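Novice: I have a structure here, written as structure tokens, and I will follow up with some questions on it.
The values are calculated or read from the model by the stated rules, or taken from the named source; none is laboratory data. On a predicted model such as this, the values are computed, not experimentally measured, just so you know. Note that we place each Cβ from the backbone using ideal geometry, even for glycine, and neighbour counts take in every protein chain shown.
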Amino acid sequence: MKTRLALSVASVGVIAASLTACGSSGSSGSSASSSSPMSSTSMSSPMSSSSPMSSAPMSSGAADASAPFGSGCSAVPASGKGSFNGMEQDPVATAASNNPVLSTLVTAVKKAGLVDTLNSAPALTVFAPANSAFAKIPASQLNAVLANKAELTKLLTGHVVSGRLTPAELAGSHKSLAGTTITVTGSGSDFMVDGMASVICGNVQTSNATVYIIDSVLMAK
């Protein structure tokens with residue numbers, strides 16, 4: 001009886017020791033498997049992947065959807081009323097008057113008496129020739145156009161489309177306020193207008209218009 005009792009006690013001791021060993025190895029294993037992925041995957045990976053995510057939409061997706069694009073945008077003032085943020089607060093003729101890149105266009109708009117017409121329109125798309133675009137026209141020809149209000153009005157309204165065109169809607173044929181057809185080809189941030197003018201700074205927002213600054217004047221057809 002004493003021998004059997006001793007053996008039973010010994011057996012219980014061995015079983016208990018085994019259970020303790022299994023329990024300790026299981027808990028350490030589960031804590032390692034649960035804490036290690038949390039530190040390397042849940043904590044570290046999202047933090048490291050969120051850094052590039054914050055800048056990527058600004059340089060890619062947002063560029064097409066809402067941000068101005070084009071090599072000519074660097075000539076637009078970085079701050080003040082003539083900047084992109086400043087122009088967004090004013091109607092299109094007023095906004096253009098604050099942008100030194102468009103000073104010749106603004107002079108022409110004033111001579112044609114179109115300031116109020118453009119500022120009061122609910123929604124427009126304007127293909128705005130930069131100063132360099134007007135500089136391509138011989139001075140005598142430009143002065144003659146500026147002196148003829150009817151001809152100047154037709155020329156300028158031939159650069160304006162009713163409604164706001166996004167970059168995704170830009171390619172195609174659009175009827176201008178002058179009754180002419182403006183044909184745009186290209187995609188992304190590379191567009192040609194009437195086969196003669198490149199968009200050098202596109203998707204510029206004002207309070208009532210979307211502006212695409214171009215490098216050539218669209219001559220009346």
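Novice: Residues of the stretch 120-150 being of a type in the set (D, E, K, R) and within 19 Å of Val160 (Cα to Cα), which ones? Steps first, answer last, please.
Specialist: Our first condition is that a residue be of a type in the set (D, E, K, R); within the stretch 120-150, this holds for 136, 149.
Answer for the stretch 120-150, where residues must be of a type in the set (D, E, K, R) and within 19 Å of Val160 (Cα to Cα): just Lys149.
Novice: Still on this structure: Being surrounded by 14 or more Cβ atoms within 10 Å (Cβ to Cβ), in contact with a His (Cβ under 6 Å, 6 or more places away or on another chain) and within 19 Å of Leu118 (Cβ to Cβ), is that true of even one residue in the stretch 207-221?
Specialist: Yes, the stretch 207-221 contains at least one residue that is surrounded by 14 or more Cβ atoms within 10 Å (Cβ to Cβ), in contact with a His (Cβ under 6 Å, 6 or more places away or on another chain) and within 19 Å of Leu118 (Cβ to Cβ).
Novice: For the stretch 130-180, how many residues meet the condition of being in contact (Cβ under 8 Å) with a residue 40 or more places away in the chain, outside any helix (DSSP H, G or I) and more than 15 Å from Ala209 (Cα to Cα)?
Specialist: 7
Novice: Being touching a Ser or Thr at 6+ places or on another chain (Cβ under 8 Å) and surrounded by 21 or more Cβ atoms within 10 Å (Cβ to Cβ): is that true of Val204 here? Reasoning before the result, please.
Specialist: Working: touching a Ser or Thr at 6+ places or on another chain (Cβ under 8 Å): yes; surrounded by 21 or more Cβ atoms within 10 Å (Cβ to Cβ): yes.
For Val204, the condition - touching a Ser or Thr at 6+ places or on another chain (Cβ under 8 Å) and surrounded by 21 or more Cβ atoms within 10 Å (Cβ to Cβ) - is met.
Novice: Return only the number of the condition from (1) modelled with pLDDT of 95 or more; (2) farther than 21 Å from Asp90 by Cβ that Met219 does not satisfy.
Specialist: Of the numbered conditions (1) modelled with pLDDT of 95 or more; (2) farther than 21 Å from Asp90 by Cβ, the odd one out for Met219 is (1).
Novice: What do you reckon, is Ala133 surrounded by fewer than 14 Cβ atoms within 10 Å (Cβ to Cβ) and among the aliphatic types (A, V, I, L, M)?
Specialist: No; evaluated as a whole, the condition is false for this residue.
Novice: Looking for something of a type in the set (Val, Ile, Thr) and in a strand (DSSP E or B) - is there at least one such residue anywhere in the stretch 81-102? Spell out the reasoning first.
Specialist: Step one: list which residues in the stretch 81-102 are of a type in the set (Val, Ile, Thr), which gives 92, 94, 101.
Retained after the next criterion (residues that are in a strand (DSSP E or B)): none.
Checked the stretch 81-102: no residue is of a type in the set (Val, Ile, Thr) and in a strand (DSSP E or B).
Novice: Let me ask something else about it. Give all pairs with beta carbons closer than 8 Å in which a residue from the stretch 189-202 that is more than 18 Å from Ala75 (Cβ to Cβ) and in contact (Cβ under 8 Å) with a residue 60 or more places away in the chain meets a residue that is assigned to a strand (DSSP E or B) and among the hydroxyl-bearing types (Ser, Thr, Tyr); count only pairs at least 6 apart in sequence or on separate chains.
Specialist: Every condition considered, the pairs that remain are Val193/Thr183; Val193/Tyr212.
Table: residues versus (1) assigned by TED's automatic domain parsing to the domain that holds Gly86; (2) on the phi > 0 side of the Ramachandran plot; (3) of a type in the set (D, E, K, R).
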position	(1), (2), (3)
Leu105	yes, no, no
Ser120	yes, no, no
Phe127	yes, no, no
Lys136	yes, no, yes
His159	yes, no, no
Ser173	yes, no, no
Ala178	yes, no, no
Gly188	yes, yes, no
Met219	no, no, no
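Novice: Then there is this: What number of residues in the stretch 194-221 are within 19 Å of Leu142 (Cβ to Cβ), among the β-branched types (Val, Ile, Thr) and part of a strand (DSSP E or B)? Quick ask: steps written out before the conclusion?
Specialist: Of the residues in the stretch 194-221, the ones within 19 Å of Leu142 (Cβ to Cβ) are 194, 196-197, 213-221.
Then keep just the ones that are among the β-branched types (Val, Ile, Thr); that gives 213-214, 217.
Filter once more, so that each one left must be part of a strand (DSSP E or B): 213-214.
The qualifying residues number 2.
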